[in-house]
There are 2 protein chains.
Amino acid sequence: MRATVKDVARLAQVSPKTVSNVVNGTTPVSDAMRIRVEAAMLELEYVPNLSARALRNGRSGLIALALPDLSTPYSAEMAHHFVVAAGARGLGVQMEETAISGERELQLISKARAHLIDGLILNPVLLPSVSVQAGARLPPTVFIGEVDQRVGDHVWVDNVAATQELTLHLVGLGHRRIAIMGSMRSETSRLRMKGYRAALRIARIARDRRLEIANPDWFPAGGAQAMTSYLIEHPLPDAIVCMTDSIAIGAISALWSLGHRVPEDVSVVGYDNINNGAFAVPPLTTIDFDKPTYATTVLDLLEARIADPERPVERVTMPHRLVVRQSSAPPRTAAVR
Amino acid sequence: MRATVKDVARLAQVSPKTVSNVVNGTTPVSDAMRIRVEAAMLELEYVPNLSARALRNGRSGLIALALPDLSTPYSAEMAHHFVVAAGARGLGVQMEETAISGERELQLISKARAHLIDGLILNPVLLPSVSVQAGARLPPTVFIGEVDQRVGDHVWVDNVAATQELTLHLVGLGHRRIAIMGSMRSETSRLRMKGYRAALRIARIARDRRLEIANPDWFPAGGAQAMTSYLIEHPLPDAIVCMTDSIAIGAISALWSLGHRVPEDVSVVGYDNINNGAFAVPPLTTIDFDKPTYATTVLDLLEARIADPERPVERVTMPHRLVVRQSSAPPRTAAVR
DNA sequence: CTGAAAGCGCTTACAG
DNA sequence: CTGAAAGCGCTTACAG
């Protein structure tokens, strides 16, 4: 059996209170006392029972991070930064996967209070905005990513501005027939599409729906598949804005298989600046944001929310920047088409 | 304030026991009773307090998954499969990052009992074998990956056989000057190096230490860097066995930058079969194993260990298979050198 | 099938 | 600076 405070107290001949003081450092304890208690803890291999502490304190020291799909490089990087930043604050991180289902997302929100967690970081994808708006009784939650809601704290990147910048970068290189590729059924794609179209408008390029390529998912597999079937019926665009780096990697893979060279024949850009993007062949032009700062910003908001559930809702827009690498370049013949 | 069993019991005019029976279904409850209790739970928005339950039951329903570095695509896939498989068993997963430090790994083992968790899945990298051997009082733990230990349950892939197979595949294509690249200071690299050398021996190729390329890390950055500096002083090998797909992606990126073509000028193979490997340019030849089955196998062992800490230690070797893609091909001139 | 009581291990007022 | 007592919310013998 594991030793408890009582056992330690008995062995050290002090009260449980004193043991607790030594463990938590809430009240100063005399050196002699401390040494005696520490010796007893060592001898009994005492380890505090965190369930008991959680029950007593009403805090588990655990937060949940809910991402749509944990298997992607993007999720991996986010998980890494959150776990590191949370660890520095003494918080553990429970991972949840919403499996790109709005139902699971709702479940998380409603049942999170049942879980062992003090707070929730939620990256919704399909969550019906309406239910969030209505869902009054959220656990302490910070939304991340693209979601249209006003009821909770929110950290995100200005997707419209970023995608506009990305598209204008291609315009600036001299491209005109600029395609966009992504799963078209989410808030993320709505915003990125908006930025893309805004860029076209600025560049006085007419919208061409044939250049809007629907992707079955957010992964390389979908990107490759969509690219391949697209090219069966359509000519190669000048450039392709992929809504994520993963899609871009899939698209480039398909282009390579079909014998098209990037960027000589077609420029391809992504979004997210995942680590591997810099080592793609060719290295990927993309939108970057500071992920460690993103994580600490979210945790700041979450801790503030846990401490004061009534505080006003905050929305933080993280700065982004265009990272130009070799997957985008001027067209070989800068001719007008 | 959140409602408790007592509140529900009072409103439903039953005892707390009955509420608990309805919630947990341990003892059958009459329909009339159940309906009354469920109505009360709904009205009070009752959600059980899992900290209390954990304290009472001595189980939190939470396990920890400790991986060296969460930011890699490999970790992402493992995390995904573990979270999905654990979720199916009603277990939550707390993520820990050992940051490739043996100290943090030890800490996890010793303090895990302090955490809220019922069990630990640990992928050690630098954990000194000796301390594991000695560390008698482990929490319920299943080791995954490459670690030389006999004290705990263990699931892994036969790294020696797999790397031997990978290397012999290159031999079979007609390559002779086969390099190997990886961080050389871990159990993983020791085993993979062993398989590589065994293959050379079988192929009657003399070991050439100049073909053993030390990599600063397990990531693309290190792979690219090591590849680049290697080629300043050495000729291009026929083929390169990279100890992970990530390293291979970095190596290919560097080769591409330097104008070498894969596989025309040099074959490159990886290990792990990460999702993106199939979409590398060119698609990566690699070692695959069934990751979902890996996760369920580990969880089976962990649950058995939690249920019976005294049961005999098990080691499971997961089958692996060589996946041949386009990054490996016969040399252009199949000449003897 | 249901109820009253005890206890999981911790920490925090409350006294001294 | 320390001690004795109470209680966080749950579930499980123990009775009925």
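Just so it is clear, none of the values below were taken in a lab; they were calculated from the coordinates. None of the values given here were measured: they were computed from a predicted structure. Note that we place each Cβ from the backbone using ideal geometry, even for glycine, and neighbour counts take in every protein chain shown.
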With axes computed from alpha carbons, what is the tilt in degrees of helix A:187-202 against the longest principal axis of chain A, rounded to the nearest 10 within 0 to 90?
40
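Can you tell me how much longer the chain between B:Asp148 and B:Ala214 gets when fully stretched, taken as 0.36 nm per residue apart minus their C-alpha distance, in nm with one decimal?
Numbers: separation 66, 0.36 × 66 = 23.76 nm, distance 2.16 nm.
Computed gain between B:Asp148 and B:Ala214 is 21.6 nm.
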Output for the range B:279-336: trypsin sites (Lys or Arg not before Pro) sitting in coil per DSSP, at most 13 other Cβ within 10 Å, listed by number, reads B:Arg332
Going 7 Å from the Cα of A:Glu165 in the Cα-to-Cβ direction, what parts of the range A:184-211 have a backbone nitrogen less than 15 Å from that spot?
A:192, A:195-196, A:199
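Compute the length gained on full extension between A:Arg207 and A:Asp158: take 0.36 nm times their separation in residues and subtract their Cα-Cα distance, giving the result in nm to one decimal. Present the calculation step by step, with values, prior to reporting the outcome.
Numbers: separation 49, 0.36 × 49 = 17.64 nm, distance 2.20 nm.
Once the chain is fully extended between A:Arg207 and A:Asp158, it gains 15.4 nm.
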If I take R0 = 45 Å and measure r between the Cβ atoms of B:Arg332 and A:Ile232 in this structure, what FRET efficiency does the formula 1/(1 + (r/R0)^6) give, to the nearest 0.05?
0.90
Full-extension gain in nm, B:Arg59 to B:Glu38, via 0.36 nm per residue minus C-alpha separation
5.0 nm
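With the radius of gyration and the Kirkwood radius both derived from the Cα set of the protein assembly as shown, what is their ratio Rg to Rh?
Numbers: Rg = 27.7 Å, Rh = 27.4 Å.
With Rh from the inverse mean 1/r over Cα pairs, Rg/Rh is 1.01.
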Report the local net charge at B:Ala280: Lys and Arg +1, Asp and Glu -1, summed over other residues whose C-beta lies under 10 Å from its C-beta.
0
If one builds a Gaussian network model of chain A from Cα atoms under 10 Å apart, the most fluctuating residue listed among A:Ile252, A:Ile306, A:Ile180 is A:Ile306
With springs only between Cα atoms under 10 Å apart, run a GNM on chain A and tell me which of A:Thr167, A:Thr26, A:Thr228 wobbles the most.
A:Thr26
With a Förster radius of 60 Å, plug the Cβ-Cβ distance of A:Glu314 and B:Thr26 into 1/(1 + (r/R0)^6) and report the FRET value to the nearest 0.05.
0.85
Hey, what did the range A:5-48 get for relative contact order, percent, Cα under 8 Å, at least 6 apart?
42
Set the Förster distance to 56 Å, then compute FRET efficiency between B:Glu103 and B:Arg261 from the Cβ-Cβ distance, nearest 0.05.
0.80
Helix A:291-307 vs. chain A, principal-axis angle (Cα, 0 to 90°, nearest 10)
50
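Magnitude of the Cβ-charge dipole of the range B:149-217, K/R +1 and D/E -1, about the Cα centre, nearest 20 debye? If you can, show how the numbers build up before the last one.
Working: 13 positive and 7 negative charges, 95 e Å.
Charge dipole of the range B:149-217: 460 debye, to the nearest 20.
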For the cross-link pairs A:Lys194/A:Lys291; A:Lys17/A:Lys291; A:Lys291/B:Lys291, which exceed 32 Å when the distance is taken from alpha carbon to alpha carbon?
A:Lys17/A:Lys291
May I ask for the angle, rounded to the nearest 10°, between helix A:102-111 and the longest principal axis of chain A, with both axes built from Cα atoms and the value confined to 0 to 90°?
20
Grab the DSSP H runs of chain B that are 4 residues or longer, score each as -39,500 (n - 2.57), total them, divide by all residues and round the 222 nm result to the nearest 500 deg cm²/dmol.
-13500 deg cm²/dmol
Calculate the all-directions average of the projected area of the range A:159-289's alpha-carbon convex hull, and give it in nm².
6.9
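Determine the shielding of peptide B:213-226 by partner chains: average, over its residues, the number of Cβ atoms on other chains within 10 angstrom of each Cβ. Don't skip to the answer; put the middle values down first.
On the way: counts 0, 0, 0, 0, 0, 0, 3, 6, 4, 0, 1, 2, 0, 0.
Partner-chain Cβ atoms within 10 Å, mean over residues of B:213-226: 1.
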Sorted by chain and then number, the residues having a modelled amide H within less than 5 Å of the amide H of B:Leu65, at least 5 places away or on another chain, are B:Gln94, B:Met95, B:Glu96, B:Ile121
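Rounded, prolate or oblate for chain A? Axes are the square roots of the Cα gyration tensor eigenvalues, ordered a ≥ b ≥ c, and the cut-off for rounded is a/c under 1.5. Let's see the in-between values first.
On the way: a/c = 3.10, a/b = 2.51, b/c = 1.23.
Since a/c reaches 1.5 and a/b is larger than b/c, the shape of chain A is classed as prolate.
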Exactly which GluC sites (Glu not before Pro) in the range A:32-123 are in a DSSP loop and have at most 10 other Cβ atoms within 10 Å?
none
With both bridge residues required to lie in chain B, what share of the DSSP beta bridges run antiparallel, to the nearest 5%?
10
